[in-house]
1. What does the highest-first list of 169-177, 134-142 look like by mean Cβ count within 10 Å?
2. How much length is gained if the chain between Ala123 and Glu148 is pulled fully straight, taking 0.36 nm per residue apart and subtracting their Cα-Cα distance, in nm to one decimal?
3. Considering the zone a paramagnetic label at Ile324 would reach in this model (a point 7 Å from Cα along the Cα-to-Cβ line), which residues of the range 293-308 have amide N under 16 Å from it?
4. For the chain, with the dipole built from +1 on Lys and Arg beta-carbon atoms and -1 on Asp and Glu ones, taken about the Cα centre, which of Tyr174, Leu359, Ala121 lies farthest toward the positive end?
5. Long-range amide H contacts for Asp234: which residues qualify at under 5 Å (H placed 1.01 Å from N, peptide plane, sequence gap of 5 or more or a different chain)?
6. Rounded, prolate or oblate: pick one for the chain, where a ≥ b ≥ c are the square roots of the eigenvalues of its C-alpha gyration tensor, a/c under 1.5 means rounded, and failing that, prolate if a/b is larger than b/c, else oblate.
7. Per residue of the range 192-200, what does 6.51 cos²θ - 1.76 cosθ + 1.60 with θ = phi - 60° give for ³J(HN,Hα)? Whole Hz please, x for Gly and Pro, Karplus curve as stated.
8. So how far, in whole Å, is the C-alpha centre of the range 299-340 from the one of the range 241-259?
Amino acid sequence: MAGIWQTQMKKNDEETMHVNEAKKKDIFILAIESSCDETAASVVKNGREVLSNVISSQIALHTLYGGVVPEIASRKHIEKINQVIEEALKEAGVTLQEITAIAVTYGPGLVGALLVGVSAAKAISFATGIPLIGVHHIEGHINANYIENKDLEPPFICLVVSGGHSHLVIVREYGKYEIIGRTRDDAAGEAFDKVARAIGLGYPGGPKIDKLSKEGNPNAIHFPRAKVEGSNYDFSFSGLKSAVLNYLNGCQMKGEKVNNADIAASFQKAVVDVLVEHSLEAVKEYKLDKFAIAGGVASNSTLRNAFAEACDKRDIEFYHPSPIFCTDNAAMIGVAGYYEYIAGTRSGYDLNAVPNLKLGKREA
Ligand code: KG4
Ligand code: ZN
């Protein structure tokens, strides 16, 4: 069955390509993202112009449980997906008939959540004949940098720090990624969320630690900066998280009052120091003069300031998306989808959700 669909897909695709060629039309990507707790859709014109960026966040719902509940996330995505897609088209002033291709996140992420976006994208593609393109979520995060930095082109090094990933990536060309560093345990965002929970800030922890840190002293407590044996670029955050928990336990046992703002600021400084040190070492070693950040943690104000200052000192061009394009959104998937589209990538109707999808490897 998949084979027949793929053949049909190819035919429709070729027809669409011919129509596009004939009319020299703009390329409009309808993008869909539902890998975690945001249901999002966007229309992106010619790769870098975001015509709409609709995000329906489930944060308030998951806050009740202190973290994302996968089953609830899937159900909420089902409720919202059609509405969000309609809104994205309406806001962009583009009809479905004008859409060149549909890009959808197919991994990594929560399988039930991913399936909602993938199924919606496949249904629209099947009903209209518009080509379908499966996009890697992290590729989307990296590509968010192209939206506001019109001059940014590969090659460059990108630090991707999200709730599930901490990767140092060389972007060799559009769509070509080489991972040179990764976390050995917790992702940076995960560490933020766990420490926030430990000091009673709740979910999502990153933005709350970011805010509270502004009232604290980053040098009040010395938390460890982990080095990973055998790699200059890999990260490890679980020891840091344990150090914070041990510090809290120690204070409790001694009956000492804790200063949450100092803990938040000192923890954040420890994370930022490690991220900056490893990233800049990579930029130097690989002799690239462009560096970008991406992912939810990239919206952290201390992290952005630290990188801006460090890059400025070393004459490295520093790129970062606005906070709204750092956390999960569909515009970034639209940008990545555009570059995949012009490179000829097409997915068949056998496209499936791949919860542990690896960056740089395409899977059906
Ligand atoms: O990229 P993202 O929206 O979703 C994933 O793909 O994981 O990242 C979410 C993560 C969460 O761990 C959240 O706490 C963290 O990004 N985050 C932040 C900030 N905003 C979001 N971490 C630190 N500072 C922030 N301002
Ligand atoms: Zn993400």
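1. Working: 169-177: 18.0, 134-142: 27.9.
Descending mean neighbour count gives 134-142, 169-177.
2. On the way: separation 25, 0.36 × 25 = 9.00 nm, distance 3.12 nm.
Computed gain between Ala123 and Glu148 is 5.9 nm.
3. From the range 293-308, the list is 299.
4. Leu359
5. Sorted by chain and number, the residues that satisfy this are Arg182.
6. Values: a/c = 2.25, a/b = 1.66, b/c = 1.35.
Judged from the Cα gyration tensor, the chain comes out prolate (a/c at least 1.5, a/b above b/c).
7. Computed from phi, the couplings for the range 192-200 are 4, 5, 6, 5, 4, 5, 5, 9, x Hz.
8. 34 Å
We did not get these values from a lab; they are worked out from the coordinates using the rules stated. As the structure is a computational prediction, the values presented were derived from the model and not from experiment. Here the Cβ is made from the backbone with ideal geometry for all residues, glycine too, and neighbour counts use every protein chain on show.
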